[in-house]
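Notes follow the structure.
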Amino acid sequence: MSETVLKLNRITMQFGGLMAVNDFSMDVNRGEVVAIIGPNGAGKTTAFNVITGVYAPTNGSVDFCGETIISNRPQGKMRKLYAGDADSICDRVVRKTPDRITKLGIARTFQNIRLFKSLTVFENVLIAKHMNIKANLFSAAFMLNRHEEHRMRQETAQLLEILELADVADEVASSLPYGKQRRLEIARAIATGPELLLLDEPAAGMNPQETNDLIHLIHRLKQDFQLTVLMIEHHMNLVMEISDRIYVLDFGRLIASGTPDHIQNDKRVIDAYLGVAEDE
Amino acid sequence: MKTLDKKITYLLSAGLLAAAIMVLLYMDHNRTTYNYSLSILQRSAIYAVAAVAMNLLTGFTGLFSLGQAGFMAIGAYTVAILTIPVAQRPSVYYISGIAEPLAQATAPLWAALLLGGLFAALLGFFIGYPVLRLKSDYLAIATLGFSEIIRAFIAAPMLNRVTNGSYGLKSIPGFPSTLMVFLISGLCIFLMVLVIRSSYGRAFQAIREDEIAAESMGIGLFKHKQMAFVISCFFTGISGGMLAVFMRSIDSKTFQIGLTYDILLIVVLGGIGSITGSVLGSFLMTAGREWLRFFDNPLTIAGVQVPLFRTGFRMVIFSLILMAVVLYYRKGLMGTKEFSWNGIYAFLQRLGQKRSKTRPGKEGGNDE
Ligand SMILES: Nc1ncnc2c1ncn2[C@@H]1O[C@H](COP(=O)(O)OP(=O)(O)OP(=O)(O)O)[C@@H](O)[C@H]1O
Ligand SMILES: [Mg+2]
């Protein structure tokens, strides 16, 4: 049967008094494409930041492939401020740093593109290969790891080929058009060799043609790299076409979850989000 | 754009290197004439090591340290204490004597330099350990404080029997040969370039570009920042050790904050993020300061003494020039670019094209 890759257990993320994410639980099974949707400020990106270890949640835990990677309970001044359920409080505290979480197999892209701007496209992807380097500082500096370096470069070149970025490999990342920058972010994330790929609004700012290409690309990457995908997206066509399941957040709370058909006909979702989204 | 054949660039580089060595050998041979120029060049080469080390940290990793003088002092005192000939030590430490274990401790120059670098690196490690976990700005403050503390320690009467307190250390044997300074400096810079061009160097640059993105690429921020900082401290220490050997006598005032500012200015002048810029900057800064000595001498034109021409005026001029350079070339002389033959070639090509375009009657320039 399907195996759970990612599991969020009653995550609450409070910024001072603001409940950015409120008692949010979800799970993602191997091979699925799952989407998180919801209006602006619903807490979607915050959920990503919790999963990847950028923010420690105020309360709750995250399991990845059966291992608890994040777990926290209200501490310090948050003990007083905590406004969530008292019965959901975690007993463990586990905090893995974002780099450790990436090494475990979760990679992500960013809503507000975060490329290594002044480096080339090739270097951007090559850097993602550094985390598994076997050579130490000395052997790397004295180029005693020729084979390894060669392999890293070869894999990078292959990946750029697959993502159709090979022709701009030597260009500075910030000089790329927007759509290609988004694709480079995906290339860079995949270069870390993830099992789970988190995409934060990958189609933002893309025209219909590019969005269409993106759908094909995600399908292909999923096949080629045996990925599980969790994404945040506002383009409803894309979401409905590509997702196996959808979670809907509103003001940090989960208001619905299920298959695209189910979500499209859910009254609460239409009221809170879809109605608005279609007006836009 | 046409580029040069790789072989040609290697040949040109080898040629330039050979020419530089020939010039140095020639100057060294006629030392009586060129003594002054040689000493300027030597000092430049030593500063270049510290400047490149600072650039590795600031230009390539995005961390800002202001502890250069302190780490150089560590290297300098290590080298001085280990290389002053045993026979001369009583006369150096004539006020309060020398601590027993140090009286006989000696090391050959290369080992003393290495040890000086290692001590500086070790101290860097201990400072970096708590500080590098915090926001990057704290490093500048912590290292600045450290640098002043080191200086206070060196001058402290309690350490008279180690550092000779405020009397400083003299009789440090100089470099056995002039070329050696350039050799060691060149080697140090070469090693740093190797680090920067390795996978670790790329990780440093990723951190400089975007810490959050770097971390999401699996790059441990603390580990790599610590690495860059310790490497930088190591070479700064070696540079300090070389400065001691070059100056032959040092005291705590040698390592005032002004030294840090000199290095910082070199890095800014050359371009933050450009190794060749730092090297170029060291030579321009050190030499520039000497060339301007002209302004320090009273000047009389047609029997009238020109005002302002007196001791200290050159520093005013020097600061003005620096300001102009930094304002005009926002990113320093080299920006983040490196010197390359292809760069020069492209520059010459552009120049040629401009010429042929402005020349009337001539049909279009050559294609790209
Ligand atoms: N670091 C922070 N400090 C304080 N408040 C924050 C922080 N990060 C996010 N927030 C707040 O948390 C709420 C959720 O933000 P989040 O970025 O997760 O929304 P989102 O669902 O991704 O929205 P969008 O669709 O606009 O990207 C917002 O009100 C935001 O202002
Ligand atoms: Mg968002």
(message) Just the number please: accessible area per residue for the protein assembly as shown, 1.4 Å probe, all protein chains included, in Å².
(response) 48 Å²
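Counting only protein heavy atoms and rolling a 1.4 Å probe, how much accessible area do A and B lose on contact, total for both sides, in Å² to 100? Intermediate results must be reported in sequence, preceding the final value.
On the way: alone 13980 and 19740 Å², together 31340 Å².
Chains A and B together bury approximately 2400 Å².
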(request) Give the percent of DSSP beta bridges with both residues in the protein assembly as shown that are antiparallel, rounded to the nearest 5. (result) 65 percent
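Summarise the partner chain shielding of A:138-144 as one whole number: the mean count of Cβ atoms from other chains within 10 Å of each residue's Cβ.
Values: counts 4, 1, 9, 12, 4, 3, 0.
That works out to 5 on average.
If you put +1 on each Lys and Arg Cβ and -1 on each Asp and Glu Cβ, how big is the dipole of the stretch A:116-193 around its Cα centre, in Debye rounded to 20?
On the way: 10 positive and 10 negative charges, 50 e Å.
So the magnitude is around 240 debye.
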(request) Compute the distance in nm between two label points, each set 7 Å from the Cα along the Cα-to-Cβ direction, one at B:Phe309 and one at A:Gln75. (result) 7.0 nm
(message) Which log10 I(q)/I(0) values does the stretch B:10-342 give at q = 0.12, 0.13 Å⁻¹ under the Debye formula, counting every alpha carbon as one identical point scatterer?
(response) -0.89, -1.03
(request) Could you pull out which residues in the stretch A:211-230 have an amide N less than 17 Å from a spot 7 Å beyond the Cα of A:Arg30, following the Cα-Cβ vector? (result) A:222-230
(request) Would you check chain B for Lys pairs whose C-alpha atoms are within less than 23 Å, ignoring same-chain pairs closer than 8 in sequence, and give me the count? (result) 12
(request) Go through the stretch A:94-121 and flag every residue whose accessible area shrinks by 20 Å² or more with all protein chains in place compared to the isolated chain (probe 1.4 Å). (result) A:Pro98, A:Asp99, A:Thr102, A:Arg108, A:Phe110, A:Arg114, A:Phe116, A:Ser118, A:Leu119
(request) Find, among the GluC sites (Glu not before Pro) in the stretch A:1-84, those assigned to loop by DSSP (not H, G, I, E, B) with at most 14 other beta-carbon atoms within 10 angstrom. (result) A:Glu3
(request) Could you tell me which of A:Thr102, B:Phe146, A:His235 has its Cα farthest along the dipole of the protein assembly as shown towards the positive end, charges placed at Cβ (Lys, Arg +1; Asp, Glu -1), taken about the Cα centre? (result) B:Phe146
(message) Classify chain A from the C-alpha gyration tensor, please: rounded if a/c falls under 1.5, else prolate or oblate depending on whether a/b exceeds b/c.
(response) oblate
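Apply 1/(1 + (r/R0)^6) to the Cβ-Cβ distance of A:Asp85 and A:His216, taking R0 = 51 Å, and write down the FRET efficiency to the nearest 0.05.
Details: r = 42 Å, r/R0 = 0.83.
The computed FRET efficiency comes out at 0.75.
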(request) Work from the charge dipole of the protein assembly as shown (Cβ charges, +1 for Lys and Arg, -1 for Asp and Glu, about the Cα centre) and give the residue of B:Ser65, B:Thr336, A:Leu81 farthest towards its positive end. (result) B:Ser65
(request) Rounded to whole Hz and in sequence order, give me ³J(HN,Hα) for the stretch B:76-82 from the Karplus expression 6.51 cos²θ - 1.76 cosθ + 1.60, θ = phi - 60°, writing x for Gly and Pro. (result) 5, 5, 4, 5, 4, 4, 7
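Within a 10 angstrom radius of each residue's Cβ in B:196-204, how many Cβ atoms of other chains show up on average? Whole number is fine. Before the final figure, lay out the partial values.
Values: counts 1, 3, 12, 14, 8, 4, 10, 5, 0.
Counting Cβ atoms of other protein chains within 10 Å of each residue's Cβ and averaging gives 6.
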(request) Quick one: dipole size for the protein assembly as shown, taken about the Cα centre, charges +1 on Lys/Arg Cβ and -1 on Asp/Glu Cβ, in debye to the nearest 20. (result) 2820 debye
(request) With a cut-off of at most 16 other beta carbons within 10 Å, and DSSP calling the residue loop, which trypsin sites (Lys or Arg not before Pro) in the stretch A:131-169 qualify? Please list them. (result) A:Lys134
(request) With unit charges on the beta carbon (Lys/Arg positive, Asp/Glu negative), name the residue among A:Gly179, B:Ser136, A:Ala56 whose Cα is farthest towards the positive pole of the charge dipole of the protein assembly as shown. (result) B:Ser136
(message) Can you give me the Kirkwood hydrodynamic radius for the protein assembly as shown, using every pair of distinct Cα atoms, in Å to one decimal?
(response) 28.6 Å
(message) Let me spell out the model: positive unit charges on the Cβ of Lys and Arg, negative unit charges on the Cβ of Asp and Glu, origin at the Cα centre of the stretch B:190-297. What dipole size does that give, in debye rounded to 20?
(response) 240 debye
(request) Go through the stretch A:227-233 residue by residue and turn each phi into a ³J(HN,Hα) via Karplus (6.51, -1.76, 1.60, θ = phi - 60°); whole Hz please, and just put x for glycine and proline. (result) 9, 9, 10, 10, 9, 9, 7
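So for A:Phe64, B:Phe126, what's the accessible-area order with a 1.4 Å probe, most first?
Accessible-area ranking of A:Phe64, B:Phe126, largest first: B:Phe126, A:Phe64.
Counting other C-beta atoms within 10 Å, and keeping those with at most 14, which DSSP coil chymotrypsin sites (Phe, Trp or Tyr not before Pro) do you find in the stretch A:66-170?
Numbers: sites: A:Tyr82, A:Phe110, A:Phe116, A:Phe122, A:Phe138, A:Phe142; in loops: A:Tyr82, A:Phe110, A:Phe116, A:Phe142.
Passing both the DSSP loop test and the Cβ count: A:Phe142.
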(message) At 1.4 Å probe size, with the rest of the protein present, what percent of the exposed accessible area of the protein assembly as shown is carbon and sulfur atoms?
(response) 60 percent
(message) Rg and Dmax in Å for the stretch B:64-122, alpha carbons only: what are they?
(response) 12.8, 42
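The values are calculated or read from the model by the stated rules, or taken from the named source; none is laboratory data. In this text the structure is predicted, and so the values were computed from the model without any measurement. Virtual Cβ from ideal backbone geometry, glycine too; neighbours counted across all protein chains shown. Side chains included, ligands, DNA and RNA excluded: accessible areas come from the protein's heavy atoms. Shrake-Rupley method; radii C 1.70, N 1.55, O 1.52, S 1.80 Å.
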